[in-house]
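Down below is the structure, laid out as C-alpha cells.
Rule-based calculations on the coordinates, nothing more; no lab input. The structure presented is a predicted model; accordingly, all values stated were derived computationally and were not measured. Here the Cβ is made from the backbone with ideal geometry for all residues, glycine too, and neighbour counts use every protein chain on show.
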Amino acid sequence: MSTVLVPLADGVEEMEAVIVIDVLRRAGCRVISAGIKTRTVTASRDTVLVADRLLSEVQIDAIDALVLPGGAGGTEALLADERVLAAAKRLYAAGKTVAAICAAPLVLQAAGLLEGHRFTSHPGVRERFTSGVRVDERVVVEGNLITSQGPGTAFDFALALVARLEGKPKANAVAAAMVM
C-alpha cells in the first residue's frame with residue numbers, strides 16, 4: 001500500500017483535490033491530506049475541506065508520492081511554502097512519484113524538477129513556464145513525474161497515479177468500478 005501526501009491550501013481547486021484523494025483511497029492507497037496552514041481549507045469555489053492533519057505533522061520520509069492539486073490561489077500558496085518545495089525535491093531525488101495538476105506544475109518548476117522533462121499544465125498558465133517541454137496532453141507521465149491539465153482531467157490523472165503506485169490492473173479495476 002502506497003502512502004500519498006496531498007498538501008491543501010486555501011484556493012485549491014476542489015475537484016482536483018477530492019477526486020484524486022477519493023480515487024487513490026478506492027485503490028487502497030493511504031492518502032494523507034495535509035493543510036499547509038490550518039486543517040480547514042477554503043477551496044476555490046468556497047467549498048470547505050478538512051485536511052487529515054497539518055503538513056508540519058507529516059513525516060516526509062514515510063511518503064511514497066506527493067500530489068499537488070492546482071487552483072490559482074492554492075498553487076500560489078504551495079509555491080510560497082518552502083516545505084512543499086523541499087518535499088518535492090527530496091521525494092523526486094529519492095525516485096518517488098511527484099505529481100501536479102492544473103497550475104501546480106509551477107511548483108515543480110520552482111523546485112527545479114521540470115528541466116529536460118515533458119509535462120503538461122492548465123493552458124492558462126502556459127506562459128509562466130521557462131523550463132521543461134510543455135505539451136498539450138491530458139496527462140503526461142515522464143520518469144517519476146506525472147502532470148495533468150485541470151479539473152476535467154482529474155480522473156485520468158488519478159488513475160495514472162494508481163497505475164504508477166499500485167499497478168495497471170488495480171487502475172483498471174478502480175476505473176471499472178467507477179464506470180469510467
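Taken over region 51-105, the residue count meeting the criterion of being touching a residue at least 24 places away in the same chain (Cβ under 8 Å), part of a loop (DSSP other than H, G, I, E, B) and in contact with a strand residue (DSSP E or B) (Cβ under 9 Å, 6 or more places away or on another chain) is 10.
Which one is surrounded by the most Cβ atoms within 10 Å (Cβ to Cβ) among residues in region 29-50 that are among the polar types (S, T, N, Q) and outside any strand (DSSP E or B)?
Of all residues in region 29-50, those among the polar types (S, T, N, Q) come to 33, 38, 40, 42, 44, 47.
Narrowing the set further to residues that are outside any strand (DSSP E or B) leaves 38, 44, 47.
On the way: Thr38: 13, Ser44: 21, Thr47: 14.
Applying the filter and picking the extreme gives Ser44.
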